[in-house]
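Right, one structure below, let's go through it.
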Amino acid sequence: MYRKLETLGTRLLGLLVPKVDASAACGPEKLVEYGSCWQCDYRPCLAVCRDNCGCQVIGCG
């Protein structure tokens, strides 16, 4: 009984709550080279950055 009620509630929420794509708030991807990154023990690094979403280090140099 509880499982059926839970399924019904999930379906109802799916109809009422709009789906949002989080990547829509971010700008285009940019490849950025930094001279020093803490993620790479303060060596040079390469990162992919997006406006309003931050950067992700993809390689250490």
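Values quoted throughout were computed directly from the atomic coordinates according to the rules given, and no laboratory measurement underlies them. Remember, it's a predicted structure, so these values are computed and weren't measured experimentally. Note that each Cβ is placed from the backbone with ideal geometry, even for glycine, and that neighbours are counted across all protein chains shown.
Can you find a residue in segment 5-24 that is touching a Leu at 6+ places or on another chain (Cβ under 9 Å) and either free of Cβ contacts under 8 Å to residues at least 12 places away in the same chain or of a type in the set (Gly, Ala, Ser) (or both)? Please lay out each step first, then the result.
Taking segment 5-24 as the starting set, the residues that turn out to be touching a Leu at 6+ places or on another chain (Cβ under 9 Å) are none.
For segment 5-24, residues touching a Leu at 6+ places or on another chain (Cβ under 9 Å) and either free of Cβ contacts under 8 Å to residues at least 12 places away in the same chain or of a type in the set (Gly, Ala, Ser) (or both): absent.
Cβ-Cβ distances below 8 Å connect the following pairs, each with a first residue in segment 27-46 that is assigned to a strand (DSSP E or B), a second residue that is among the acidic types (Asp, Glu), and a separation of six or more residues or different chains: PRO44/GLU33; CYS45/GLU33; LEU46/GLU33. PRO18 falls short on exactly one of the conditions (1) loosely packed, with under 10 Cβ neighbours inside 10 Å; (2) part of a strand (DSSP E or B), and that condition is (2).
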